[in-house]
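Coordinate-derived values only; no laboratory data. Everything numeric here is computed off the predicted structure, so don't read it as measured data. FYI the Cβ positions are ideal-geometry reconstructions off the backbone, even for glycines, and counts take in every protein chain you see.
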Amino acid sequence: MSTEHVPSTGAWRIWATTFLVPVLAIVTALVIGAVIIVLTGADVVAAYGGLFTGAIGSPRAIAYTLVEATPYIFGGLAVLIGFRAGLFNIGVEGQIAVGSMCAAIVGAFVTLPPVLHVIVAFLAGAAGGAMWGAIPGWLRARTGAHEVITTIMFNYIAIRGTDYLIKVPFLDQESSSQRTPYIATTAEIPFLFGEAYRLHGGFLIAVAATFVVAWLLQRTIVGFEIRTAGANPDAAHYAGMNVSRTIIITMALSGLMAGMAGAVQVLGLEHNLKASFSAGYGFDSIAIALLAASNPIGVIPAAIFWGALRNGAGLMQLNSGISINLINIIQALVIAFVAADQIVRQIYRIRTARGEGITLSRGWGR
Amino acid sequence: MTPVLEVRNLTKRFPGIVATDAVNFTLEKGEIHALLGENGAGKSTLMNMLYGLYRPDEGHILLNGQEVHIHGANDAIARGMGMVHQHFMLVPTLTVTENIILGNEVIKGVLIDTATAERRIKELATTFGLDIPVNAYVHDLPVGVQQRVEIVKALYRSADVLILDEPTAVLTPQEADDLFVVIKRLKAQGKSIIFISHKLREVLAIADRISVLRRGKLVGSTTPAQANEASLASMMVGRDVVLQVDKAPAQPGSVVLDVAQLNVRDERGNTAVADVSFQLRRGEIVGIAGVQGNGQTELVAAITGLVNATHGQITLDGEAITNQGTNRAIDAGMGHIPEDRHHHGLVLSYSIADNMVLSAYDTPPFARGYIINEQAIAQQADTLVKRFDVRTSSINAAASTLSGGNQQKVVVARELARPLKVLVAAQPTRGLDVGSIEFIHKSIVAARDSGTGVLLVSAELDEILSLSDRILVMFRGQIIAEIAGADADRNRIGLLMAGVRGTGAEA
Amino acid sequence: MQTLFTRERIIAMIGMLTAVALWLLVQQSVPGDAISTLRIPYAYGAPQDAPLVDIMLPTALTIYTLAGLLVVGAVYLIVAKRVDRAATYMGGVIAVVIFSILLTAIVNDRTDIVDMLGRMVRLATPIALGAIAGILCERSGVVNIAVEGIMLFAACVGFIAALAFANPWMGLIVAILAGGAIVMVHAVLSLHYKTDQIISGTVINILAVGVTGYLRTSVILPLQTTGGRGASLPQFNIPLLGDIPVIGPMFFQHRVSYVVGVAHPSHWRTSARRRYDGHQRQPATLL
């Protein structure tokens, strides 16, 4: 799973063993989903056919899937960076909310020349998320307050807080719905193939961010510190690393990714911020980081799969009458199978590789 | 007479090694049978099979002549076996009574009947002469008393066979003597005892019979009357041990590490190091002798920057490094072979190469600016693996795949690879095979000869005696004596370690 | 610096600032002769009945008095250096603020204070039960972030059972069993398959959303259209205790809130053991 120890048997084998379990987890979850469909008396072929067509059946469907996948890529990266440092960032939801709020404000209420405006708005969103992540990091480093608790609490603050900001000070008075005004056109991230396909430049930023994160974790001193703090914090301390600083940096980077997710959603897709905008990204991001087997590059296919499920769900419901909620069930099963990989290994008789595994988080208080 | 416990041809294999190889072993009623062997000889594996924690690959276990298959600790307990682990299985935040009845509560309605339980515990304690405060919280008790709680816990569950795993490892000599009295009383009451140890002297003092394990095989049984320390030692290691290290007389230079009035608290906030002052010179090895838990761990942690001192100064070659953290100490030229290599010394999931640069990852040539230079790291790892004879298939293999001895070599290699002014070596050879011990001892002496000041902390008195040019004895957080290496007398140091201050050369 | 800003001083400062803020606020927005009425009805009084008593408070004066009390408390905290009372004082500050908001909200009007407090108890019930579930897990070293998902799942299944059997008691029983059943997922994942407990909690939370949503469309809606109707558990009015004014309607005229009282001591016997067992054993969670 981790790329720390690379046996010399060729890259293909590593990729195969790394991604075999997630792929089989998906297959198993889909099979169980089919059983549920049959039990409720619906047509499996129609349901999954609809899901498939809705997700990747046409160029437009593919584009929509990638649009759905974009925030998940950022969110998955956010959780993954935390995982690598042994931190559990449950606060992606809140960090996205803060990031999107910051981007929406700068996009709508600040006047800047073209190009510069979108960059500043994007960076504002990213910085907002980073700050919202860094505070729980600081609390963890300074007081030992567990980041799971603090990030959950910060989710509430962020979500209720942005809700208030949207509904009161930054409400678009001319609109009947509760949202901020549209951002200036100078602050928009352009669409790649025109508005009809909805696919925007944020997707490319997400892909680029993935490679930057992979490089950062694997090839830089900061990445080494993050990984060491995650693998063995005592050894990191022993080796002269500042573990507290690493925790804060990790949480800030994690929040940065989440903030970018919020920023591209506002600047690239929605062009405004609606009340209760990002519901559900937090837990899904955890799922994607797991599905990616904590490998940054793996986040892209994992997020696209997630986006495909979300995107295809509508047509599935239309074709077969199956509730969209089936997607949630399938997703939960996928996480369960990826997290408890022994189940999948038992079903498919895969032997456990030696020395694998990543400590995702530790119990309360060490 | 049928033995209480008998094992026949017991074999357990782990990937790559045979942990126990066709071991035969009997325990008679009312006998103290010592199981002697080095760390890694297979003692723990054998006991874990008896206690149902491992399933044997081959062989039989017989209890009172009946063959049994033991499924887990609960089964073992039900069959009358009790085990006192080296690391106590007590809950520090519960009282003695709560700990003892845990999982075996006397229930009255919906509440725990503490009164009845307490009465039974007191009865047991009086019968066997085990003095324990039933209402005290375990974390308030000294280790010797905690151990007694563990023994009562086993007796409370009607154990007839008691397995004591390295029971004296954490005890002072006095506490160990108290324990021996208890063990003898247990024997007199008809209990049978397996006493696991690698300490020759105490095995000779307490056991009725001694069996020696070496590399998974039972190499012989004997009695204290027939054996002596030398014969047992050679049985244990397979050859007559020469613990004497070849080294030239020390050429101490200027003071390189100056520790003044150092005070350190332990994790619970109690004073662990009290007003410790000493100086370490270039080119000498200063050994710190003492029973484990007398402040050595905290002293080392404070010197190397892992924890902050509450008072006092640490100066490394003129540079104040007190409470400046590990990074400052490393930059100032300190090397540290940590007490627990799994805890501090290594990142087990990392490759050998990454572990080889763990404390130098951010300095050239391993880092260029903020970027890691993998080529330089691989080169360094190749060099060190050869120089320190680390047995591995590849420098890219995870550190977890190495044996204990080779893991420790990685730590030693990494620390000695940097230009050091001071090397702090804490328990550098704990749990290693003889070959690795010799190699590491030689490396330490070589570091000394090249002008590094070495501070050696070890619970093994023999290691201290054979390596040190000067010996400091630590007791209850204080340095109570300083002895020149040449004058060192094992009996006198033994007494000092127990806190008995004689007359003469004391600091 | 450290000696200047001790904890009790900081908290006392917060209290005094709150008092000043209240003072200014009331001075600006509340007429001096305004009256706020708190109504206390008889134990079983209907809204239109004559009340047991109407407490008529001069709004401004009451709040000024409370603010004054905050200042007195703050001074006491600083002078007596009672750092041990700081938390209590902080609680008092919060209570005063909430009460003051209530009073200003009902200027020249009245509210049934007992009814309000009763609602509070009722709304607090699920939170209290959830918290007890969390404490149970925490005591045994189990990290349970799935309380929400468990509640959701149990509520859904219980509701279906209540509809199907047309009996709310069956709903209650089935809900409890369902909660226990879904916790087994947590137990199996985290114990048998050694999954991180936060992840298995996440699984349950997502699964609960999916399953309940799915059940709603595929089971509940059809059941309801075929004539099933939800029934509620009866309201228990505990005799005598329920007759006491104020306290009676608050605590003893509810449907389910009593469970909190019962649930609480029920972990006495096993608590010591759970604390030890830590990650080895999954306690049957109450919800």
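Odds and ends about this structure:
- A dipole drawn for the protein assembly as shown from +1 and -1 charges on Cβ atoms has a positive end, and of B:Gly220, A:Leu66, A:Ala236 the residue lying farthest that way is A:Leu66.
- A cut-off of 5 Å between modelled amide H atoms, ignoring neighbours fewer than 5 places along the same chain, links B:Val84 with B:Ile163, B:Leu164, B:Asp165.
- Modelled FRET efficiency - R0 45 Å, B:Thr223 with B:Asp487, Cβ distances, 0.05 increments: 0.80
- Relative contact order for region A:136-239: 9 percent, from Cα pairs under 8 Å spaced at least 6 residues apart, divided by residue count.
- Rounded to the nearest 20, the size of the Cβ-charge dipole of region C:106-176 about its Cα centre is 120 debye, with Lys and Arg at +1 and Asp and Glu at -1.
- Shielding by partners for peptide A:222-232, expressed as the average number of C-beta atoms from other protein chains within 10 Å of each residue's C-beta, is 4.
- About its Cα centre, the dipole of region C:1-149 is roughly 540 debye, where the only charges are +1 on Lys and Arg Cβ and -1 on Asp and Glu Cβ.
- Note on B:Arg501 and B:Ala188: the model spin-label points, each 7 Å out from Cα along the C-beta direction, lie 3.6 nm apart.
- Separation between Cα centres of region A:216-266 and region B:180-227, rounded to whole Å: 52 Å
- Sites A:Ile297 and A:Ala208 - FRET efficiency at Förster radius 22 Å, r taken between beta-carbons, to 0.05: 0.95
- Taking the number of Cβ atoms within 10 Å of each Cβ as an exposure proxy, the fewest-first ranking of B:Val145, C:Val83, B:Val161, A:Val115 is A:Val115, C:Val83, B:Val145, B:Val161.
- Most simply put, chain B has about 55% antiparallel DSSP beta bridges, counting only bridges with both residues inside it.
- Global form of region B:198-321, assessed from the alpha-carbon gyration tensor, a/c cut-off 1.5: prolate
- Taking every C-alpha pair closer than 8 Å and separated by at least 6 residues, the mean separation divided by the residue count of chain B gives a relative contact order of 14 percent.
- Candidates A:Ala141, A:Ala261, A:Ala127 compared by Cα position along the dipole of region A:121-263: farthest toward the positive end lies A:Ala141, with charges placed on Cβ.
- For C:Thr195, the amide hydrogen comes within under 5 Å of the amide hydrogens of C:Ser190, counting only partners 5 or more places away or on other chains and with H modelled in the peptide plane.
- Order of A:Ser100, A:Ser177, B:Ser359, A:Ser294 under a 10 Å beta carbon neighbour criterion, fewest first: A:Ser177, A:Ser294, B:Ser359, A:Ser100
- Pairwise FRET efficiency - B:Thr383 versus A:Val35, Cβ, R0 = 60 Å, nearest 0.05: 0.55
- Taking other C-beta atoms within 10 angstrom as a stand-in for reagent exposure, A:Phe122, B:Phe14 fall in the order B:Phe14, A:Phe122, fewest first.
- Cα gyration tensor shape for region C:66-106, rounded if a/c is under 1.5, else prolate or oblate: oblate
- For B:Val219, the amide hydrogen comes within under 5 Å of the amide hydrogens of B:Val212, B:Leu213, B:Arg214, counting only partners 5 or more places away or on other chains and with H modelled in the peptide plane.
- DSSP bridge orientation in the protein assembly as shown - percent antiparallel, rounded to nearest 5: 60 percent
- Charge dipole (the protein assembly as shown, unit charges on Cβ, about Cα centre) - positive-most of B:Leu455, B:Thr2, B:Leu124: B:Thr2
- About its Cα centre, the protein assembly as shown has a charge dipole of approximately 1020 debye under the convention of +1 per Lys or Arg Cβ and -1 per Asp or Glu Cβ, with nothing else charged.
- Global geometry of the protein assembly as shown, whether rounded, prolate or oblate, following the gyration tensor of its Cα atoms and the 1.5 cut on a/c: prolate
- Share, in percent, of DSSP beta bridges within region B:158-287 that are antiparallel, nearest 5: 70 percent
- In this rough spin-label picture, where each label sits 7 Å from Cα along the Cβ direction, the C:Ile135-A:Leu192 distance is 5.3 nm.
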